[in-house]
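The values are calculated or read from the model by the stated rules, or taken from the named source; none is laboratory data. The structure presented is a predicted model; accordingly, all values stated were derived computationally and were not measured. When we count neighbours, we look across all protein chains shown, and the Cβ atoms used for this are built from the backbone with ideal geometry, even at glycine. Accessible surface is based on the protein model in full, side chains and every heavy atom, while ligands, DNA and RNA are left aside. Shrake-Rupley method; radii C 1.70, N 1.55, O 1.52, S 1.80 Å.
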Amino acid sequence: MILSPVEVKKIGKLARIKITDEECPQISAQLSSIMNWIDQLTSIDVSSVEVHEEEDKPAMHERADVVTDSDIVDAIMKNAPVSQFNMFAVPKVVE
């Protein structure tokens, strides 16, 4: 499967990647080789392969929801370049 430059540009636009006209042939070749590889995978006959399901699934170990660190606000605020009201102060970004 060979992708046209128009298709490559559309894929780039969908992926929000700017593709120049100089890059188009190289990217087209790379994407085409990937699509050919996928076509090879779809041609494999897997009808004789038995479905394997995990019989002994590992148990999910849950731990108690316990607060282990408390009253460390002062230690945390030492990392802040600027703080107010026990919170990190940041410049306003929205007017």
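Looking at the range 86-95, can you tell me whether even one residue there is outside any loop (DSSP other than H, G, I, E, B) and open to solvent by 100 Å² or more (accessible area, probe 1.4 Å)?
Checking the range 86-95: at least one residue is outside any loop (DSSP other than H, G, I, E, B) and open to solvent by 100 Å² or more (accessible area, probe 1.4 Å).
In the list 13, 57, 18, which residue meets the criterion of being basic (Lys, Arg) and surrounded by 10 or more Cβ atoms within 10 Å (Cβ to Cβ)?
Numbers: 57 fails: surrounded by 10 or more Cβ atoms within 10 Å (Cβ to Cβ); 18 fails: surrounded by 10 or more Cβ atoms within 10 Å (Cβ to Cβ).
Just one listed residue meets the conditions, 13.
Quick check on the range 40-62: of everything there that is among the hydroxyl-bearing types (Ser, Thr, Tyr) and not in a helix (DSSP H, G or I), which residue is farthest from the chain's Cα centre (by Cα)?
Per the stated criteria, the residue is 48.
Here are some conditions: (1) part of a helix (DSSP H, G or I); (2) farther than 30 Å from residue 8 by Cα. Residue 37 meets all but one. Which one does it not meet?
Just one mismatch for residue 37, condition (2).
I'd like the full set of residues that are among the β-branched types (Val, Ile, Thr) and open to solvent by 100 Å² or more (accessible area, probe 1.4 Å), limited to the range 60-81.
Correct list: 67, 68.
Report whether or not residue 33 is surrounded by 10 or more Cβ atoms within 10 Å (Cβ to Cβ), in contact (Cβ under 8 Å) with a residue 24 or more places away in the chain and small (Gly, Ala, Ser).
It is false that residue 33 is surrounded by 10 or more Cβ atoms within 10 Å (Cβ to Cβ), in contact (Cβ under 8 Å) with a residue 24 or more places away in the chain and small (Gly, Ala, Ser).
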